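Accompanying notes for the structure given below.
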Amino acid sequence: MTDMTQTPPADETPATPQRCGLIAIVGKPNVGKSTLLNALVGQKISITSRKAQTTRHRITGIRTLGATQFIFVDTPGFQTKEIRGRTALNRNLNRTVTSVLGDVDVVLFMVEAGRFSLDDAKVLALLPPDKPTFLVANKLDVVARRTDILPWLKSMQERHPFTEYVPMSSTKPTDVERLFKIVEPYLPEQAWLHEEDALTDRSDKFMAAELIREKLFRLTGDELPYSATVVIDKYEEEGNLRRIAATIVVERDAHKGMVIGDGGERLKRIGSETRVELEKLTDSKVFLELWVKVRSGWADSEEHLRSYGYE
């Protein structure tokens, strides 16, 4: 009698489960959060400059590697100093930081390697005790002697029960790749929230305003106070052409002159450098018009902040 029983096929190797989680990047102003986010995503999505408060919004950067989707949230530097009597803008930035901390799965607390100031301590005090928190000691490349970091790391361990310590330089690709490997096991096993090739959840219109603001800060140096912002009045797509009109909002007539410059040269340069980056970002031709308007007291007004897109 013939045995018709078939041997079942060998079990296939089970697929690696998908992981996906939100990772907050927090720290005092100008510690390198936006630079790290851009390095992690592999593309510039968060603007940078030497000025405090360059990042004013919750910026989400997305990177999918293998079965894991990392969703990084860059936050404004928590405002620890009294600036012009604690403006509405200041309070708005701090609300953004604290709200992000309640939503994420992992926190990257960023400081300069070997340093810890009172401003760092004020941010550290905000961190939720129930979330995995990594001490990211940035700018390791400028530390003269690496052995000096060891006692500093020990002192940091006494300040907070950090999950892991990551001395690194955000400009060094191998350090960035190592950070991915360290964070990955702490993300929950769940389906991805974005498409595999997504880099950010922010629109091209939002990125246009951010890039204008970056050039504004970089090209005015320390002349222009932090209280300047950008509003997109028009963003139209016509095939491979983008028509954009934007207003730079300042608080005083003197600030308007700083932005425009002699004979309008500074404003022209702001527009020209922004246009070049936007064309690279959107892979299209960009026609950009810029205007400068004075709105006294806008940074102290919750109503103005909402109308200018602050959350």
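The figure for THR16 is an accessible area of roughly 110 square angstrom, using a 1.4 Å probe on the protein chains alone. For the set SER155, SER170, the ranking by accessible area, highest first and with no ligand, DNA or RNA atoms included, is SER155, SER170 under a 1.4 Å probe. Of the cross-linked pairs LYS33/LYS205; LYS44/LYS172; LYS44/LYS122; LYS122/LYS256; LYS122/LYS181, which ones have a Cα-Cα span greater than 25 Å in the structure shown? Pairs exceeding 25 Å: LYS44/LYS122; LYS122/LYS256; LYS122/LYS181. In a Debye calculation with equal point scatterers on the alpha-carbon sites of the stretch 158-256 and no solvent, what is log10 I(q)/I(0) at q = 0.16, 0.20, 0.21 Å⁻¹? Here the Debye-derived log intensity ratios amount to -0.96, -1.03, -1.07. Annotation: extensible slack from VAL294 through LYS280 equals 2.0 nm (criterion: 0.36 nm per residue apart, minus Cα-Cα distance).
Legend: residues ASP175, ASP105, sorted from most to least accessible area (1.4 Å probe; ligands, DNA and RNA excluded), read ASP105, ASP175. A simple spin-label model places pseudo-atoms 7 Å from Cα toward Cβ; at GLU273 and ARG252 they are separated by 2.3 nm.
Projecting label points 7 angstrom from Cα along Cα→Cβ for THR163 and GLU195 puts them 2.9 nm apart.
Using a probe of 1.4 Å, the accessible surface attributed to GLU277 totals some 50 Å² when neighbouring protein chains are kept in position. Here the label points at ARG115 and ASP262, each 7 Å from Cα along the C-beta direction, are separated by 3.5 nm in the simple model. Among the protein heavy atoms, those of ARG115 account for about 150 Å² of accessible surface (1.4 Å probe, every chain in place).
A DSSP coil position with no more than 16 other Cβ atoms inside 10 Å describes the following chymotrypsin sites (Phe, Trp or Tyr not before Pro) in the stretch 174-273: TRP192.
The values are calculated or read from the model by the stated rules, or taken from the named source; none is laboratory data. Nothing here was measured: the structure is a model prediction, and the numbers come from that model. With ideal geometry, Cβ positions are generated from the backbone for all residues, glycine too; neighbour counts draw on all protein chains shown. In case anyone asks, the SASA skips ligands and DNA or RNA and just uses the protein heavy atoms, side chains included. Shrake-Rupley method; radii C 1.70, N 1.55, O 1.52, S 1.80 Å.
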